[in-house]
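Reading through the structure tokens given below for one structure.
Bear in mind these aren't lab numbers, they're just calculated from the coordinates by the rules spelled out. Everything quoted here is computed from the prediction, not taken from an experiment. Reconstructed Cβ throughout: ideal geometry from the backbone, glycine too, with neighbour counts over all protein chains shown.
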Amino acid sequence: MKSGYPLWGVFARGAVAAGIATVINVIVASALAVTVDGSPEFLPLQPGPVITITVATIAAGTVTFALLNWLTTKAFVVFTVIASLVAVASIASPLALSVDDSGTFAGVTAAAALALVPLHIIPAATIIAAFAWRRPGVTS
């Protein structure tokens, strides 16, 4: 606990971030699926996969933060850089899918693939905000 976050606090923040990011992602995915006229066959915009991937992403981020919290006094700064880089790198997947015409994914269109971009950014922003809120040792 070099950064001052108690372990229970790290996992509590992760759980809250998972709940918030999941609700936001499901709402955004549903709205985007309608907006881009997404096919029900295109599973990445369906609620089940959105919930699963969002929770898994936040869980991985929470475990990463817990490890950083144990290893360094600058856990928040290091985590923010890592989470931001991972979020930006993850955008490559929807961008590649938007130009893929191999038919690998049923129901995919360029617009539906690009609609996945915000679903990659929302969890990163949410978990960074969760760990930024009332950071130990930081006064306003």
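Annotations
- Extending 7 Å from the Cα toward the beta-carbon at both Trp8 and Lys74 defines two label points whose distance is 3.1 nm.
- Distance between modelled label sites at Ile27 and Ala96, nm, 7 Å Cα→Cβ extension: 3.2 nm
- Amide H partners (placed H, <5 Å) of Gly4, local residues excluded: none
- Using alpha carbons only: equivalent-ellipsoid semi-axes of region 71-140, gyration tensor based, whole Å: 35, 12, 7
- Fluctuation leader among Leu114, Leu85, Leu68 - the chain, Gaussian network, Cα springs under 10 angstrom: Leu85
- Computed lengthening from Val86 to Thr109, 0.36 nm per intervening residue step minus Cα-Cα distance: 5.8 nm
- C-alpha center-to-center spacing [region 17-45, region 54-120] in angstrom: 15 Å
- Across region 10-27, rounded Karplus estimates of 3J(HN,Hα) from the backbone phi angles (6.51 cos²θ - 1.76 cosθ + 1.60, θ = phi - 60°) give 4, 6, 5, 5, x, 5, 5, 4, 4, x, 5, 5, 5, 4, 4, 5, 5, 5 Hz, Gly and Pro being marked x.
- Evaluated on region 7-132, the Kirkwood hydrodynamic radius is 15.1 Å, with distances taken between all distinct Cα atoms.
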